[in-house]
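Structure, as C-alpha cells:
The values are calculated or read from the model by the stated rules, or taken from the named source; none is laboratory data. As the structure is a computational prediction, the values presented were derived from the model and not from experiment. Backbone-built Cβ (ideal geometry, glycine too); neighbour counts: all protein chains shown. Just so you know, the surface numbers come from the protein's heavy atoms only, side chains and all, with ligands and any DNA or RNA stripped out. Shrake-Rupley method; radii C 1.70, N 1.55, O 1.52, S 1.80 Å.
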Amino acid sequence: MWMTILSFLGGPVIKGLIDAYQAKLKAGNVEAKIAADLAASEIAAQTAETNAVMQYRIAELGRWYEPDKLMGYCVALYFAKLLVWDKVLGLGSTDALAGFAAITANLVVSFYFAKRGFENVARIIKR
C-alpha cells in the first residue's frame with residue numbers, strides 16, 4: 001500500500017527507485033543483485049544529473065529578483081501602461097520621460113536587446 005502511494009506521489013524517479021529496490025530484494029542470485037544495484041545507481045545518477053541541470057539553469061538565467069531584472073520589469077510596466085492603457089485603450093495620459101529617467105529607460109531597453117548579441121560575439125571570439 002505504501003509503495004503505491006509513494007509511486008503515485010513521487011513520479012517516475014521514485015517509482016524507479018522503488019522498482020529497483022524491489023528487484024534487489026527479489027534477486028536470488030549474484031547476477032540479478034548486480035543488475036538491481038546497477039539499475040539503482042543509474043537512477044541515482046539520473047537524479048543527480050537532473051539536479052545539476054536545474055542548478056545550471058539557475059546560474060545561467062539568474063533569479064527573478066536580481067537588480068537588472070527588476071529594472072527591466074519597471075521599464076516594461078511603464079511601456080505597457082504607455083502603449084496599452086494610454087494609446088490602445090485611450091484611458092489616460094502618461095507624461096513622457098525626461099532627463100535621467102529617459103536615459104535610464106533607454107539604457108535598460110538597449111541592455112536587454114543588445115546583451116545576448118554581445119554574449120554571442122564574445123563566445124565566438126573566445127573560441
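A compact table of results
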| item | result |
| --- | --- |
| Hz values of 3J(HN,Hα) by residue in region 69-83 - Karplus curve (6.51, -1.76, 1.60), Gly and Pro given as x | 6, 4, 5, x, 5, 4, 5, 5, 5, 4, 5, 5, 5, 5, 7 |
| Of all accessible heavy-atom area on region 15-127, the percent that carbon and sulfur account for (1.4 Å) | 68 percent |
| Residue-normalised accessible area of region 87-127, given per residue in Å² at a 1.4 Å probe | 89 Å² |
| Ile125/Asp68 FRET efficiency (R0 22 Å; Cβ-Cβ; nearest 0.05) | 0.45 |
| Relative frequency of Cα-Cα separations exceeding 23 Å in region 45-127, percent | 47 percent |
